[in-house]
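**Student:** Can you read through this structure? Questions will come right after.
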Amino acid sequence: MNFDHSPETLDRLATLQRFIDDRVRPAESTIATEREAEPTRQPPTIDALKSEARDAGLWNLCVRDPRYGPALTMVEYAPLAEALGTSSTAQEATNCDAPSSVNGDALAIYGSDTQRAQWLEPQLDGVIRSSFAMTEPHVASSDASNISMTATRDGDDWILDGRKWWISGVQHPNCAFVIAVAMTDPDGPRHNRQSQFIVPLDTPGFSILRNLPKFGYLDANGHCELAFDKVRVPGEALIGEVGGGFAIGQARLGPARVQHCMRTIGVAEHALALMCERAEDRTTFGQTVASRANVQDWIAEARINIDAARLLTLRTASVMDSDGDKAAAPEMSVIKVRVMRTATEVIDRAIQVFGGAGVSDDTPLARMFAQMRSLRIADGPDEVHLMAIARRELRRQAALRSS
């Protein structure tokens with residue numbers, strides 16, 4: 001496999017990196033001030049950055065559907081996602097931030113013409129955002145067939161009842177709807193029990209109960225617990241077919257996991273750069289920290305593991321491009337485990353090199369660790385992916401023995 005990037009991709013990457021360095025990072029303190037002053041309003045500086053990103057050809061880079069975006073391949077998008085991984089503001093400014101971007105993928109494939117016109121197209125235009133509500137507090141949601149929130153028919157409508165939690169982005173000022181996963185047939189086949197529905201945030205019975213902290217950190221856009229108390233939605237709110245929720249979820253989660261991995265590699269690179277700078281800047285017992293053998297080992301291992309994670313991710317992207325998302329499922333499980341573990345380890349060692357500063361908010365490392373450690377649970381915990389990898393390997397080995 002040849003993962004050399006085309007001149008067009010390299011030019012786009014250079015443009016994106018300049019945009020992040022010259023426009024986004026200098027604006028982040030202003031955005032934080034604007035958000036603190038008016039938490040329920042989109043910071044005006046982000047709107048300005050969105051306009052700049054559009055003008056620079058950096059809009060909807062993650063959208064593969066040629067009807068709605070530049071239709072980059074996953075391999076082409078990989079280095080761009082890595083650059084975006086170092087800045088959540090840049091992700092929003094380019095309209096490439098999850099979960100809205102992944103919801104857009106699902107609606108483009110499974111949504112009706114009416115749903116795409118009402119919900120997808122305004123989202124792709126940057127006017128509204130969305131969230132995805134699957135995980136629940138009272139069941140092990142790592143097994144999606146456990147989802148217990150109910151959706152029952154009432155004439156032409158559906159009534160949704162239940163709780164969700166760790167729902168990302170729902171407190172963003174522009175969030176207009178959630179895609180909610182609910183059980184529509186408790187006695188049906190295991191993977192045909194759930195369906196997905198579009199629920200506008202102003203629907204009676206829908207409420208945000210609380211914003212959940214991760215290791216003490218609260219996200220401005222929320223990781224929330226939600227209540228659906230007899231939420232009534234019309235039949236047109238159903239996405240795809242009744243009982244198709246699991247299949248839609250799997251189709252949605254695959255690309256989401258890969259994009260998470262791409263961005264996470266950027267986070268790991270950032271942590272490694274910080275570790276190297278700190279190690280060369282500090283001395284202990286008459287020598288720089290960088291001269292210590294154990295720290296040199298950490299730096300070398302970080303370089304090896306990040307490069308290996310990147311290659312595994314590019315291989316996954318290549319399979320998606322050539323054979324489709326479903327064919328890349330085995331590789332998706334591999335990188336979901338490997339990339340998140342790599343990033344967590346690199347950040348942890350960077351924290352160790354920084355000492356007390358590493359666990360404070362004087363550096364981004366503590367928040368980065370909280371985010372990366374949580375991703376070893378989100379989008380399928382390590383154990384689920386390891387189980388899938390092991391089962392495939394056992395089948396492969398059995399086939400080899402019988403051949």
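**Student:** Angle, helix 100-110 long axis vs. longest principal axis of the chain, Cα atoms, 0 to 90°, nearest 10?
**Tutor:** 40 degrees
**Student:** Want the number for Asp161 to Glu280: 0.36 nm per residue separation, take away the alpha-carbon distance, what's left?
**Tutor:** 37.2 nm
**Student:** Let me spell out the model: positive unit charges on the Cβ of Lys and Arg, negative unit charges on the Cβ of Asp and Glu, origin at the Cα centre of the chain. What dipole size does that give, in debye rounded to 20? Display every interim value, and only then the final one.
**Tutor:** On the way: 43 positive and 54 negative charges, 229 e Å.
Dipole magnitude for the chain comes out near 1100 debye.
**Student:** Answer rounded, prolate or oblate for the range 127-167, using the Cα gyration tensor with square roots of eigenvalues a ≥ b ≥ c: rounded when a/c is under 1.5, else prolate when a/b is larger than b/c, else oblate.
**Tutor:** oblate
**Student:** Please give every one of the lysines within straight-line cross-link reach of Lys326, meaning a C-alpha to C-alpha distance under 21 Å, and leave out same-chain neighbours fewer than 8 residues apart.
**Tutor:** Lys336
**Student:** Still on this structure, I have one more. Please label the shape of the range 15-60 as rounded, prolate or oblate, based on the square roots a ≥ b ≥ c of the eigenvalues of the alpha-carbon gyration tensor (a/c under 1.5 means rounded; beyond that, a/b larger than b/c means prolate, else oblate).
**Tutor:** Note, shape of the range 15-60 comes out oblate.
**Student:** Shifting gears a bit: Within the range 192-211, list the residues whose amide N lies under 16 Å from a label point set 7 Å along Cα→Cβ of Ala227.
**Tutor:** 202-211
**Student:** Sticking with this one: By counting other Cβ atoms within 10 Å of each Cβ, how are Ser360, Ser142, Ser333 ranked from fewest to most?
**Tutor:** Ser360, Ser142, Ser333
**Student:** Sticking with the crude label model, points 7 Å out along Cα→Cβ, report the distance from Arg41 to Arg401 in nm, one decimal please.
**Tutor:** 6.8 nm
**Student:** Any chance you could give the angle, 0 to 90 degrees and rounded to 10, that helix 44-55 forms with the longest Cα principal axis of the chain?
**Tutor:** Between helix and principal axis, roughly 90 degrees.
**Student:** Right, here's the next one. Calculate how steeply helix 329-354 sits against the longest principal axis of the alpha-carbon atoms of the chain, using the helix alpha-carbon long axis, and give the answer as 0 to 90 degrees to the nearest 10.
**Tutor:** 40 degrees
**Student:** What are the residues whose amide H is under 5 Å from the amide H of Arg232, where those residues sit 5 or more places off or on another chain and H is modelled from the backbone?
**Tutor:** Amide H neighbours of Arg232: Leu160.
**Student:** Taking only DSSP H segments of four or more residues, each worth -39500 (n - 2.57), what value at 222 nm results for the chain once the sum is divided by all its residues, to the nearest 500 deg cm²/dmol?
**Tutor:** -16000 deg cm²/dmol
Any read-out appearing in this document is the output of simple, stated calculations on the displayed coordinates, not a laboratory observation. None of these values were measured; they are calculated from a predicted model. Quick reminder, even Gly has a Cβ in these numbers, built from the backbone with ideal geometry, and neighbours come from all protein chains shown.
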